[in-house]
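J.: Below: one structure in structure tokens.
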């Protein structure tokens, strides 16, 4: 055997040992080894406990067909392709466990000690689906050029400019969680006819970001807001009248509307609002909304 052939064989065997060591070292941590086309090779005991699948059951299966939420299959496929190409290092994946539970996984790519063309995916955290009153949709948006495009979603038709495909707009949304600078992402809240939407973005590669759109219906958001506000009021020692005024303002009422509903002058509403803001250490209703999130 030529020297080059011996070296390649040595490297391949060393990589196999490294992969075995990686799986052994992380046996209690959810970690799975896949091929570049998302076919599962092996999984740790931690991943088995998380998903309900044994490593032997998963071996040879396609991640997308076995674990992905059907409506998120295309997003999952594209994320794994991006990870294999080195374009994504950490991202979210939505899966269905063997017992049928839906989970969102915070996944990091492990490259050291992994054979070229393969992926080691380590689960850094897992959260269950929220209540039925909330709905989450996950999109992949490629930026760095204009128009920015949705490159993967549960809707096969959702390809093209994200603002056009997701919201039917002819120009970028304002505010947008990715603009003006994708390196400084932020959360954005929007109101629709039937619910409120929280848009959260995080980068998974140089020109690729995940955008999660979480819809919360009005009654759920109202209950959550009231609970949070009562907690803040108790800590800041707000008076009962100050709390009532803030509750109305947090629901979107103007000072004039609050005064009409409570039977007090608008000037009195503003007086209670000012005192409450002082005690909470905030300057505006926008600051109040931020404290309630």
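The values are calculated or read from the model by the stated rules, or taken from the named source; none is laboratory data. Keep in mind the model is a prediction, meaning the values are calculated, not measured. Reconstructed Cβ throughout: ideal geometry from the backbone, glycine too, with neighbour counts over all protein chains shown.
J.: Looking at segment 237-252 only, could you name the residues that are assigned to a loop (DSSP other than H, G, I, E, B) and either modelled with pLDDT of 85 or more or crowded, with 17+ Cβ neighbours inside 10 Å (or both)?
T.: 237, 238, 239
J.: Then there is this: Residues of segment 277-287 being closer than 16 Å to residue 237 by Cα and part of a helix (DSSP H, G or I), which ones?
T.: 277, 278, 279, 280
J.: When you look at residue 267, is it touching a helix residue (DSSP H, G or I) at 6+ places or on another chain (Cβ under 9 Å), surrounded by fewer than 16 Cβ atoms within 10 Å (Cβ to Cβ) and outside the structural domain of residue 178 (by TED's automatic domain parsing), yes or no?
T.: Answer is yes for this residue.
J.: Follow-up question, since we're still on this one. Looking only at residues that are touching a residue at least 12 places away in the same chain (Cβ under 8 Å) and surrounded by fewer than 17 Cβ atoms within 10 Å (Cβ to Cβ) in segment 38-56, which one is nearest to residue 126 (Cα to Cα)?
T.: Here the answer is 49.
J.: Could you tell me which of the residues 219, 182 is at pLDDT below 75 and over 18 Å from the mean Cα position of the chain (by Cα)?
T.: 219
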